[in-house]
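Participant: First the structure, which I've put down as structure tokens, then a few questions once you've had a look.
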Amino acid sequence: VSGLVSGMKKEWIWSFAIGLIAIGAAIWYNRPAGSDFSYGKCGTGYDETFSDNYNDARRLFLESARIWGANRLLSLPLDKKNRAGLVTDFAVKKGRSDRVLIHLSGTHGVEGFAGSAIQSAFLRSSKSQPWDPSKDPTVIFVHAVNPYGFAAVRVSHRTSIGHLLPIH
């Protein structure tokens, strides 16, 4: 019995120590903005391109594509009547037809926030880059391959099937 009690004491001590670390981390993470360690902006430009929801991400992507100088903007609604207002958008900058670069975001849906931010930041930062259609590839950005998963923050489409998840 004494060995069992000493083993329980060790488990209790470790649990208590881990709990204190977790509490300390929570206090540090939620500290006031004016404390010695401030969060601040990371300085990458992504802060301005991350969105809180699908609609804001879409608006920012389309705005960024216009700034970039896309030759063509196309929108493909999720359904014929577009009842949900969910759309996959395409931004195309014409270049050589034998060289094509395609960048996708929101393939599964939920990761669309990061992909959208990357696309918008790239489009905005590339607006001043020289573009020679006879030398440069055609570039196609596909925003929100799975707009339902993006908007609903889930890894499936409207029929609740994860179309890119492995089936066992």
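Participant: Quote to one decimal, in nm, the extra length available between S126 and F50 on full extension: 0.36 nm per residue of separation minus the C-alpha distance between them. Don't skip to the end; give the middle numbers.
Facilitator: Details: separation 76, 0.36 × 76 = 27.36 nm, distance 1.74 nm.
Difference between extended and current length: 25.6 nm.
Participant: Spelling out what I want: for every residue of region 91-99, take phi, set θ = phi - 60°, compute 6.51 cos²θ - 1.76 cosθ + 1.60 (Karplus), and round to whole Hz; glycine and proline get x.
Facilitator: Along region 91-99, the couplings run 10, 10, 10, 5, x, 5, 7, 8, 9 Hz.
Participant: On to the next question. In nm, to one decimal, how far is the R59 label point from the S134 one, both placed 7 Å along Cα→Cβ?
Facilitator: 4.2
Participant: Based on the Cβ-Cβ distance of N82 and V110, what FRET efficiency does E = 1/(1 + (r/R0)^6) give at R0 = 22 Å, to the nearest 0.05?
Facilitator: Working: r = 22 Å, r/R0 = 0.99.
Using R0 = 22 Å, I get an efficiency of 0.50.
Throughout, read-outs are computed from the coordinates displayed, never taken from laboratory work. Keep in mind the model is a prediction, meaning the values are calculated, not measured. All Cβ positions, glycine included, derive from the backbone under ideal geometry; neighbour counts span all protein chains shown.
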